[in-house]
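Some notes on the structure that comes next.
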Amino acid sequence: MQVQDLTIQFKIMENKEKAKGMSAYMKNHFEFLGIQTPERRKITAQLFKEWQVGKNPINWKLIFDLWEQSEREYQYVAVDYLKKSQKHLSSSDLTQVKELITSKSWWDTVDLIASNVVGYIVMKFPEQVKVMDQWIEDDNMWVKRTAILHQLSFKENTDEERLFYYCEKHASETEFFIAKAIGWALRQYGKTNPQAVITFVEKTPLQNLSKREALKHLS
């Protein structure tokens with residue numbers, strides 16, 4: 001199970017013209033090979049089968065090896081790997097996951113990790129919500145964003161009090177990615193409990209961006 005197996009396949013599919021556009025879309029924060037999601041998943045489908053992803057325990061060395069690669073597609077493969085290996089995630093994995101969140105950080109990987117990895121761990125191991133209470137205080141903006149977004153898929157299992165507390169705690173923040181996360185988290189919960197979200201937004205001095213996002217489908 002090696003990154004080289006993936007690199008061989010990636011080099012065949014590399015598209016430098018597409019790579020320029022993909023990098024520009026991500027504000028040129030990362031290099032790309034120019035392999036779009038459908039193509040990438042065709043490549044990894046066979047490799048994941050060979051690697052027995054989802055059947056074997058998580059190979060964290062491989063995850064971090066993928067994360068260290070220059071091109072962004074490798075980090076996407078790492079996230080896909082973790083999503084496919086959800087049932088093998090343990091409460092102690094939040095330590096490694098935080099390393100991923102704070103390295104090569106941008107919304108494209110952080111948001112997938114927040115809802116599909118961190119959220120899954122907290123749902124499976126409810127005592128780990130105490131870690132989210134630490135993360136919402138973290139100096140790293142992406143860690144705070146993860147804490148706000150980790151309940152995105154919880155629906156009726158959402159801890160409403162905690163969600164509102166996190167949003168209120170950072171209501172005055174002008175940082176785009178925090179204000180946007182607050183709005184997104186509230187909008188998502190609004191699908192389950194619209195009146196609770198409307199009431200919270202009305203009484204809380206949120207940033208305009210957060211309010212717009214929260215009430216997008218409610219007003």
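No lab work stands behind these numbers, since they all come straight from the coordinates. Given the structure is predicted, the values throughout are model-derived calculations rather than measurements. As a convention, Cβ positions derive from the backbone with ideal geometry for all residues, glycine included, and neighbour counts pool all protein chains shown.
Cross-link partners of Lys18 among aspartates and glutamates, defined as those whose alpha carbon lies under 12 angstrom from its own and excluding same-chain residues fewer than eight positions apart: Glu31. With the convex hull of its Cα atoms as the shape, the range 108-219 has an orientation-averaged projected area of 6.2 nm².
Compared with the dominant principal axis of the Cα atoms in the chain, helix 37-51 is inclined by about 70°. Working from label points 7 Å from Cα in the Cα-to-Cβ sense, the His88 to Thr192 distance is 2.9 nm. If you plug the beta carbon distance of Lys11 and Ser172 into 1/(1 + (r/R0)^6) with R0 = 41 Å, you get a FRET efficiency near 0.30. Ranked by the mean number of other Cβ atoms within 10 Å per residue, highest first, peptides 25-32, 158-165 order as 158-165, 25-32.
Note on Lys16: lysines with a C-alpha under 20 Å away, same-chain residues under 8 apart excluded, are Lys27, Lys42. Proximity of backbone amide H atoms, modeled 1.01 Å from N, is registered between Glu31 and Arg72 at under 5 Å, excluding neighbours fewer than 5 places apart on the same chain. Axis angle, to the nearest 10 degrees, between helix 176-190 and the longest C-alpha principal axis of the chain: 70 degrees. Give the relative contact order (percent, whole number) for the range 83-190; include only Cα pairs under 8 Å separated by 6+ residues. Contact order relative to length: 24 percent. If you take the charge dipole of the chain about its Cα centre, with +1 on Lys and Arg Cβ and -1 on Asp and Glu Cβ, which of Ala179, Ala45, Ile136 is farthest toward its positive end? Positive-most Cα among the choices belongs to Ala45. The phi torsions of the range 85-97, fed into the Karplus equation with coefficients 6.51, -1.76 and 1.60 and a -60° offset, translate into couplings of 9, 3, 5, 9, 5, 10, 4, 6, 6, 4, 5, 5, 4 Hz, rounded to whole numbers, with Gly and Pro shown as x.
Exceeding 22 Å between C-alpha atoms, which entries from my cross-link table qualify? They are Lys61/Lys98; Lys87/Lys169; Lys61/Lys83; Lys87/Lys144; Lys124/Lys169; Lys155/Lys180. Walk me through the numbers before you get to the answer.
Numbers: Lys61/Lys98 15 Å; Lys87/Lys169 32 Å; Lys61/Lys83 16 Å; Lys87/Lys144 25 Å; Lys124/Lys169 25 Å; Lys155/Lys180 19 Å.
In this structure, Lys87/Lys169; Lys87/Lys144; Lys124/Lys169 lie more than 22 Å apart at Cα.
For the range 32-88, what is the relative contact order in percent, using Cα pairs closer than 8 Å and at least 6 residues apart in sequence? Spell out each step's value before the answer.
Working: 36 pairs, mean separation 26.6, N = 57.
Once divided by the residue count of the range 32-88, the mean separation gives 47 percent.
Our summary gives the chain a relative contact order of 12 percent, counting only alpha carbon pairs under 8 angstrom and 6 or more residues apart.
Karplus-derived 3J(HN,Hα) values for the range 138-149, using 6.51 cos²θ - 1.76 cosθ + 1.60 with θ = phi - 60°, are 5, 6, 7, 4, 6, 5, 4, 4, 4, 4, 5, 8 Hz; glycine and proline are entered as x.
Once you order the gyration tensor axes a ≥ b ≥ c over the Cα atoms, which shape class does the range 70-114 get: rounded for a/c under 1.5, otherwise prolate or oblate by comparing a/b with b/c?
On the way: a/c = 2.04, a/b = 1.38, b/c = 1.47.
Cα axes put the range 70-114 in the oblate bin.
Helix 194-203 versus the longest principal axis of the chain: what angle, 0 to 90°, nearest 10, using Cα atoms? The angle comes out at about 70 degrees.
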